[in-house]
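Single-structure report; data block below.
A short reminder: the numbers here are calculations on the coordinates, not readings from a lab. Only a predicted model underlies this, so the values are computations on that prediction, with no experimental measurement involved. Counting neighbours? That spans all protein chains shown, and the Cβs are built from the backbone with ideal geometry, glycine included.
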Amino acid sequence: MIRSKQHPEPARTTSAQQASTLSPFRYPGGKSGLRSKIINWLGDLDFRPQHFLEPFAGGASVGLAIAELNLADHVTLVELDPQVAAVWKVILNGSVGALANRLREFVLTDTSAREILDSNDRLLVSRAFRCLLLNRISRGGIIAPEAG
């Protein structure tokens, strides 16, 4: 489970069109199609939710939009896949600079991709980088084993 920091100021806007697409992942058939409906629903509530929970976070497009638009006091992303969770832990818990450097410096070739994907490096930033690479080079972004 990955939790964001509290956002104490009330929401100023709830426009689904104003929310960015913040996810570093690309997922076919994800929850991004529900994003505007959930944003509009939360904006229409007569109260401010204390907590928004995004189960099966994956690309977390809904939770990230809720946090960006400040529509709840806390946003929690829940992700079972340890590789995907590694990406969110790195991004949300202070190591995003190291991940960004790896992404900027990486030169994609068949050999370099295979080297990273075959690596057993257990460092959190390395696992996050490997997950993002797999997501970006896999057909349709699907990273499940045997998915193509």
### Message
Principal axis extents for segment 82-141, Cα atoms only, whole Å, descending order, please.
### Response
31, 22, 21
### Query
List the chymotrypsin sites (Phe, Trp or Tyr not before Pro) in segment 59-140 that DSSP assigns to loop (not H, G, I, E or B) and whose Cβ has at most 14 other Cβ atoms within 10 Å. Which are they?
Phe106
### Query
Can you sort Asp121, Asp44 so the residue with the fewest Cβ neighbours within 10 Å comes first?
Asp44, Asp121
### Task
Return the long-range amide H neighbours of Ser119 (sequence gap of 5 or more, or a different chain), with a cut-off of under 5 Å between placed amide H atoms.
none
## Note on the structure
Residue-ordered couplings for segment 58-65, obtained by feeding phi - 60° into the Karplus form 6.51 cos²θ - 1.76 cosθ + 1.60 and rounding to whole Hz (Gly and Pro as x), are x, x, 6, 4, 6, x, 5, 5
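Using only the Cα atoms, work out Rg/Rh for segment 30-72, with Rh taken as the Kirkwood radius, to two decimals.
On the way: Rg = 9.8 Å, Rh = 10.5 Å.
Result for segment 30-72 is an Rg/Rh of 0.93.
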### Query
In Å, what is the Rg of the alpha-carbon atoms in segment 31-148, and how long is Dmax?
16.4, 55
### Summary
Ranked on Cβ counts within 10 Å of their own Cβ, fewest leading, Arg122, Arg48 go Arg122, Arg48
### Task
Can you tell me how much longer the chain between Arg136 and Glu68 gets when fully stretched, taken as 0.36 nm per residue apart minus their C-alpha distance, in nm with one decimal?
22.1 nm
#### Entry: Approximate spin-label separation Ser95-Asp121, in nm, with each point projected 7 Å along Cα-to-Cβ
1.1 nm
### Query
Given H placed 1.01 Å from N in the peptide plane, which residues other than close sequence neighbours of Val75 have an amide H under 5 Å from its amide H?
Ser4, Phe52
